[in-house]
Amino acid sequence: MASCAVFGHRNEFYYSGKEEKIYSIINDLVENRGVTEFYNGYRGEFDEICADYVYWLKKHGFPEIKNILVLAYLRNNKFDKFVLPYLFDESEYLLDKYVPPRAAIIETNKRLALKADYILSGVDSECWKCGGAYIAVEYGRKHGKTIISIFS
């Protein structure tokens, strides 16, 4: 059983025309590499495309795969209502200590990069150091993770 983390630009990058490449990579991960868990922060267009397709695959022949929403923040109090988006099977919070909110996404992404066997990257190689997705993918690369980019 293998896992894949999804990292892409929030909304400043346009993924139109890349959907078929994304679907092809996800199919390969499931059918040939044994990936059954997809971790997704669900924070931008790339994350949405991936979550939608994993959900579709689950409903069309691969019921064993899981779509897992990765939370960067915990609820503030017991009265906050968290509703898991229908695309996801479960959610997971990866941090084990307090992290200031401004650093929570970066730290969560680093933990996720370490946890996953594969990283599906929607980070544009032309975009030098453009945000948390770039940092997460590079962190995974430095720790020997298999990076699969939609741009290669």
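The values are calculated or read from the model by the stated rules, or taken from the named source; none is laboratory data. Computed from a prediction, not measured in an experiment: that's the story for all the values here. Cβ sites come from the backbone with ideal geometry, for glycine too, and all protein chains shown count toward neighbours. Heavy atoms of the whole protein, side chains included, go into the accessibility calculation; ligands, DNA and RNA do not. Shrake-Rupley method; radii C 1.70, N 1.55, O 1.52, S 1.80 Å.
Listed by first and then second residue, the pairs linking a residue in the stretch 23-34 that is modelled with pLDDT of 95 or more to a residue that is assigned to a helix (DSSP H, G or I) and of a type in the set (Phe, Trp, Tyr), with Cβ atoms under 8 Å apart and 6 or more places separating them unless they lie on different chains, are Tyr23/Tyr53; Ile26/Tyr53.
Scanning the stretch 48-97 for residues that are of a type in the set (D, E, K, R), modelled with pLDDT of 95 or more and open to solvent by less than 70 Å² (accessible area, probe 1.4 Å) turns up Lys58, Asp89, Glu90, Glu92. Consider the stretch 34-47 and keep the residues that are in a strand (DSSP E or B) and touching a strand residue (DSSP E or B) at 6+ places or on another chain (Cβ under 6 Å). The one that is surrounded by the most Cβ atoms within 10 Å (Cβ to Cβ) is Phe38.
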